[in-house]
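The values are calculated or read from the model by the stated rules, or taken from the named source; none is laboratory data. Only a predicted model underlies this, so the values are computations on that prediction, with no experimental measurement involved. Counting neighbours? That spans all protein chains shown, and the Cβs are built from the backbone with ideal geometry, glycine included. We work out accessible area using only protein heavy atoms, side chains counted, and drop any ligands, DNA or RNA first. Shrake-Rupley method; radii C 1.70, N 1.55, O 1.52, S 1.80 Å.
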Amino acid sequence: MTVSLAYAKQKKVDTAIELLIKGGQVMRGGPREKLSMLTCLCWMYLWKSREAPRVAPEGVLPSEARTKDYFLGLSTSTLNEALRINPAFPPLFLARGVLQLLKASLQPPSKSAAPGAIDIDKAEILRASLKSFEDAIRVSQGRNMMAVLGKSRALYSLGKFAEALEGYQEVLHKMPELVDPDPRIGIGCCFWQLGFKEDAKTAWERALEISPDSKTANILLGLFYLDASAHVPTNGPEFIRLYKKAMTEYTQKAFKADKDLPLTCATFAGYFLSRKSLPNVDTLAHKAIQYTDVNAIASDGWYLLARKEHYDEDYERATDYYRRADEARGGAERGYLPAKFGAAQLAVLKSDFGEAKLRLEKIIQQSKNIEAMVLLGTLYAEEVFVSQQSAVKEDKSTEFKKAIGYLETARNAWKDPKKNLIADSSVLLNLARLYEVDQPEKSLQCLQQVEQIEYDRLPKDEKPDDPEEIAALKESLREGLPPQLLNNMGCFYYQSEKFEQAGAMFQVALNACMKITETQEELDGDALVTTISYNLGRTYEASGQLDEANTVYEGLLARHDNYTDARTRQAYIALRQNPTDDGPKKMGELYKDASADLEVRALYGWYLGRVNSRKKIGNLAEDSELRHYKHTLQGYDKHDRYALIGMGNLYLMTAREMRRETDQDKQKRSAMYTKAVEFFDKALQLDPKNAYAAQGIAIALVEDKKDLKTALSIFVKVRETVKDPSVFVNLGHVFAELHQYSKAVEHYEAALSKDRSRDAQILACLGRTWLAKGRAEKNLTGYKNALEYSLKALELAPEQVHFKFNVAFVHIQLATAVYGTPEAQRTLAEVQAAAEGLEAAIESLEAIAQHPQTPFPKHDIEQRANMARNTMRKQLERSIQAQKEYEEKNFEKLQAAKQKREEELKRREDAKKAAQQAELDRKLKIAEERQKIAEKDRELADLRAEEDRAREAAELTTDSETGDKVKRKKKPRGGGGKRKKKNDDGITDDESGGEREPKPRRRAKRGSGDDSDEEKPKKKRRLAKKGANDKPSKFKSSEIVVESDSDGDNGAADALKEMDDEVLSDAPASMDVDEDEAAPAPAKRKNRRAMIDSDDEDEDEEPAARDDSPATANGDTPMADPAPAAEDSDE
């Protein structure tokens, strides 16, 4: 057996096993010798199991492969044979525990277990392992530290991290020199699982300090920094620093120490995957899978292989590897989220969108993963986009809502700084496309956020502070954005009628085109420039810059002389600028060259209906505009929506002008409205969102059916889409019919503001509405406003006889209203003005009666003029006389009331000014007081700082050895005589002059009264009695850990004092101090809390630890206690 052990030490385990087997066959000793040899053989098999592959290598039959399971089986049979000889043999307990640990690690995860739970079978094996280690500890009377380590490892696997931590700390306390295995590694892992990652790093750094070549400590520290890099933006310098430190300083060192360490192989494979070094990924991932005994590492290896095959576009193998990675962690409801997501990505690449959506929805149900939401939202969005572009329209409202929901959730998650997510431009672009039809303002916000993302990517030192510089920088950055994005932003600005911003955006888009064509030669830059230039011309046109728009169109035609859209816009501009000369000429040329173009035919139809000054034709069939639309529908496109709506409008106008005296006339008129509605309905069938067709139906409902409520709801919806003044005019008509005059006026005025300020018809409508409002409210202001708007309409169209009649009619109505107003509510000036207006109305009515085309029968107009001349004139003359007498009689009262009102207004104004001045004085006073307080605080702070400096200077003295300034040492409180102190070797020396810092005040223990000096001797006697027979130890307590903030002795000195107090407190913590120096083993004690420093050391006069004290000499950094005792802690 000695020879076998020698071979094993030389890493020749196979030879050692062979010698042990042969030795066992020829051995003739007693059972004890055979038992030792079998135990040794069992450990050799366990060693081989750790180094054996997890699965059979490719090309080797599973029955012939020597895998981990194979050697574990041999180890089990050997152990059973040894147990039959002597089941109570102590080394067998430890061997059985390790064997069960290895078996548990190879146990495949169960799919039925809940996420985060341990499999039932695995838990049973681990509990059996735990019992074996406890038996080993029991028979060794607690001296077998390997068994304690094994017990901690089993507890760790069972998820009892706090209990495992106590075990690792116990080993570190009793064997601080132990480095292989190193309990500090286990301590760090427990801290990591408990959420104390910084403490874990400290433990691993200490392990690396003691054993610089420790491959486990190196790779764990590398993973710590990789985890830290995952919590900072990947485009920042901090990420680069952390990632570089993780890979080059730690992971690379661990890999050089052992190229077969599974965790290192998996970590390095991930690095090579990011570098697209796929052969290295394949090699390292297979190593990680083969040699690990941890399911999670095997899962990582399969996942890396799946990503590698994913990049190589071998989707079948990638799918298989993703499945294995998922099953290695439990699969189904548990499993590995990245592997599930990878399988969903493969389904997308295979165009199996149903499978992809099913997988992604399961992922979201389990984890609310943002990446899964982005991909799923994108899939639903693509379905919506495909449906929009297809000829057959399907209801995709459900997919639309899901796409918006998932993508908006991802967008909102970016705002959470804790999640540290990077904004994805593709999410915003998809949202912009989804919003562009129904919510263009939200679409624009998404595109603006894309622009902001580009700005945020700049380093902070490159961002200016001046607003003008920021604007200039953003302008220059825009030129680096995709021109398609800038073009879309300009279109949204155009739709919201922000023409100046739209024009600026199109200009930047043109500059971006020039830049992008220099770098991307395959891009069709000419098509982009043409489209954006046309949009720029439309923007100039909408903003009234017709000459600039014409210049842009000419530039387009110079490059593409057959660009019909540009010629169409030029013809329209010419029709607006020269409706009688150049406009018709260009329109004729365009129609001759491109009569088959539907846009050209639409403009020509508009030209026939609006520009040509044609006479009214009694027979609608002879109308040239109608015949043009019929020709378009019959010869070019029967689904041309403009022609359908144009014909509907013609029938609508014809019905409006038809006679309605008899029932037969009314029936003919209603049939004409029905004909118009048929054309509008056909257009809506082709385009359900066509607002112009919906508006036509609403007009027909009002004029034919008097269905004002239904028409109002349609007009309101149309208003959200169409920005044309006609929508507001129609809404004004409906509100006027509903007697909601204020809303009617509001919509008429809105129509005037939209490039229709000189529209006489709208002004006439406003006059009519104000007149109705004045009548309803019996308010002269309404009549005056009606007169004002009627005069404006007449001024714009003086030849229109019905506008003259409107002015005369309003004059008469105003005169009637003034006559009926009480004398106290009118003035003499108003009555006289009404009389003058009445005279003008009489003259106007007489002139209108002589006109060949009177708006009403001539007899009716003459009769109204006679009534005004004979009756109303006399009434106003009497009203003028009565108003004069009333005002003369009440002149003094009116003056007094006027003066009193002026005084009241002045008094209110003065009070208001006084209150403002008082408030200003109060604020100034407060500001002065604050300034005085701030100055006084600064003076006190300066004085206090000066006193502190003086006190510090007084407390400093010169060190006799170093010459440095050091703090004076305080004299001891006690008698100051000599006292005894133990050296590290256990010899007690006399030492005088031992100063110590005063102990911090302590809180009273619950239920024990004050912790006074009188009580301390009592505590000392009690402890001395309980620990009188204990052997002195250099450790204060096996339970206490204090974290030092420095490498010096201050933290250790404070720790010694606080541990002395904690011994008295009955509330021990759960951490141990790591010591490098060999310490004498403490004697067995019944009560752990009774351990004290020295039998003859005075607790009340504990000296401060020196720099060379055992607690600080080795440089170990103790760990922080995750759950310190709260009740008995100092201060």
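Across the range 723-728, computed HN-Hα scalar couplings (Karplus, 6.51 cos²θ - 1.76 cosθ + 1.60, θ = phi - 60°) run 9, 6, x, 4, 5, 5 Hz from first to last residue, x flagging Gly and Pro. In plain terms, the chain from Arg275 to Glu81 could stretch by 64.6 nm, reckoned as 0.36 nm per residue minus the Cα-Cα distance. Here the calculated FRET efficiency for Asp395 and Arg127, from their Cβ-Cβ distance with R0 = 51 Å, stands at 0.30, rounded to the nearest 0.05.
Compactness of the range 639-692 is given as radius of gyration and Dmax, 12.4, 38 Å, from Cα positions. Rounded to the nearest 0.05, the FRET efficiency derived from the C-beta distance between Lys784 and Arg758 at R0 = 35 Å is 0.95.
From the Kirkwood radius over Cα pairs of the range 820-927, Stokes-Einstein at 25 °C and 0.890 mPa s returns a whole-number translational diffusion coefficient of 133 µm²/s. Note on the range 685-755: Cα Rg divided by 2.2 N^0.38 Å, N the number of residues, gives 1.05.
Computed from backbone phi, the HN-Hα couplings of the range 743-754 come to 5, 5, 4, 4, 6, 4, 5, 5, 5, 4, 6, 9 Hz, rounded to whole numbers (Karplus: 6.51 cos²θ - 1.76 cosθ + 1.60, θ = phi - 60°; Gly and Pro given as x).
Tell me, Kirkwood radius of the range 759-820 from alpha-carbon pair distances, in Å? Spell out each step's value before the answer.
Numbers: mean 1/r = 0.0897 Å⁻¹.
Taking the inverse mean of 1/r over all distinct Cα pairs, the range 759-820 comes out at 11.1 Å.
The convex hull around the C-alpha trace of the range 198-238, projected and averaged over every direction, spans 3.1 square nanometres. Ignoring solvent entirely, what values of log10 I(q)/I(0) come out of the Debye formula for the range 466-561 at 0.11, 0.16 Å⁻¹ when each Cα is a single scatterer? Computed log10 I(q)/I(0) values: -0.33, -0.68.
Taking 56 Å as R0, compute the FRET efficiency from the Cβ-Cβ separation of Lys197 and Arg930 and round it to 0.05.
Working: r = 45 Å, r/R0 = 0.81.
For Lys197 and Arg930, the calculated efficiency is 0.80.
When the convex hull of its Cα atoms is viewed from all sides, the range 368-457 shows a mean projected area of 6.0 nm². The listed residues Glu205, Glu124 rank as Glu124, Glu205 when sorted by accessible area, largest first, using a 1.4 Å probe. Dividing the Cα radius of gyration of the range 545-673 by its Kirkwood radius returns 1.08 for Rg/Rh.
Amide H to amide H, with H built 1.01 Å from N, Asp759 comes under 5 Å of no residue 5 or more places away or on another chain. Among Lys874, Lys498, Lys754, Lys900, the order of accessible area from largest down is Lys900, Lys874, Lys498, Lys754, computed with a 1.4 Å probe on protein heavy atoms. For the range 865-905, the residues whose backbone nitrogen is under 11 Å from a point 7 Å from the Cα of Lys912, taken along Cα to Cβ, are 905. The gain in end-to-end length when the Glu316 to Lys743 segment is fully stretched comes to 147.0 nm, 0.36 nm per residue minus the alpha carbon separation.
Contour minus end-to-end for Asp180 and Phe239, with contour as 0.36 nm per residue of separation and end-to-end as the Cα-Cα distance? Spell out each step's value before the answer.
Details: separation 59, 0.36 × 59 = 21.24 nm, distance 3.33 nm.
Contour length minus Cα-Cα distance gives 17.9 nm.
Put Trp302, Trp204 in order of accessible area, highest first, and with a 1.4 Å probe you get Trp302, Trp204. In order along the range 213-218, phi translates into HN-Hα couplings of 9, 5, 5, 5, 5, 4 Hz, rounded to whole numbers, per the Karplus curve 6.51 cos²θ - 1.76 cosθ + 1.60 with θ = phi - 60° and x for Gly and Pro. Loop-located trypsin sites (Lys or Arg not before Pro) in the range 252-318 (DSSP state other than H, G, I, E, B) with a sparse environment of at most 12 neighbouring Cβ atoms within 10 Å: Arg275, Lys276. Taken over the alpha carbons of the range 411-537 as equal point scatterers, the Debye sum produces base-10 log I(q)/I(0) values at 0.12 Å⁻¹ of -0.50.
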